[in-house]
Amino acid sequence: MRLIGPAGENIGVVSTEEAQRIARDAELDLVEVAPNSDPPVCRVMDFGKFVYERAKKEREARKAQTKIEVKEIRLRPKTNEHHRDLKVRDARRWLSDGMKVKVRIRFRGREITYPELALNDLKEVAEILSDVGIVEQAPALEGRTMLMVLAPGKVAKKKTDS
């Protein structure tokens with residue numbers, strides 16, 4: 001097997017017994033790092049410390065990940081323009097903070113017979129928010145609701161934790 005020493009130096013190809021003796025003399029563990037190579041590669045290291053460092057790196061990577069929040073505004077086909085503009089203003093703020101926004105229009109009763117009204121409303125909302133967001137999912141009818149998803153545009157600033 002090919003052996004890498006405790007300081008990271010390449011010792012070379014040695015027998016298994018020789019590698020175990022070197023690890024025992026250094027009071028460290030013999031760890032196989034590349035079993036599929038020819039010859040297999042082993043390293044003399046403190047395995048507990050290695051596992052701890054790897055877990056620490058994974059925790060740091062998880063902290064660095066950004067969680068994309070999805071906010072939702074709910075409208076009705078009869079929602080007047082003023083109320084829609086209030087909700088669109090919230091959506092604009094969320095998009096500029098880097099969040100996704102679901103725009104849902106819920107139909108009640110016989111309103112479902114006029115889906116083109118909701119489609120026009122959703123297109124209008126997308127038009128108003130086109131400077132800060134892009135349409136990620138086009139308007140689609142799902143049961144008694146019509147749904148559209150907006151994602152932050154390229155010029156949107158990311159949410160900063162302060």
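Only the coordinates and a few stated rules stand behind these numbers; no lab work does. Predicted, not measured: the structure shown is a model, and the values here were computed from it. Virtual Cβ from ideal backbone geometry, glycine too; neighbours counted across all protein chains shown.
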- Task: Collect residues whose amide H, placed 1.01 Å from N in the peptide plane, falls under 5 Å from the amide H of residue 153; neighbours closer than 5 in sequence don't count.
- Result: 133, 134
- Net charge of Cβ neighbours under 15 Å - reference residue 31; Lys, Arg +1; Asp, Glu -1: 0
- Task: State, to one decimal in nm, how far the label point of residue 63 lies from the label point of residue 113, with both points 7 Å from Cα in the Cβ direction.
- Result: 6.0 nm
- Query: What nm distance separates the two modelled labels at residue 134 and residue 53, each placed 7 Å from Cα along Cα→Cβ?
  - Reply: 4.1 nm
- Could you work out the relative contact order of the chain, using alpha carbon pairs under 8 angstrom and six or more residues apart, expressed as a whole percent? 17 percent
- Message: Let me check against my output: what whole-number percent is the relative contact order of the range 70-152, with C-alpha pairs under 8 Å and at least 6 apart?
- Response: 35 percent
- Once amide H atoms are built 1.01 Å from N in the peptide plane, which residues 5 or more positions from residue 4, or in another chain, come under 5 Å H to H? 11, 42, 43, 44
- Residues 70, 14, 125 arranged by fewest to most Cβ contacts within 10 Å: 70, 14, 125
- Task: Counting other beta carbons within 10 Å of each Cβ, put 47, 107 in order, fewest first.
- Result: 47, 107
- Query: Which whole-number percentage describes the relative contact order of the range 33-121, with Cα contacts under 8 Å and a sequence gap of 6 or more?
  - Reply: 28 percent
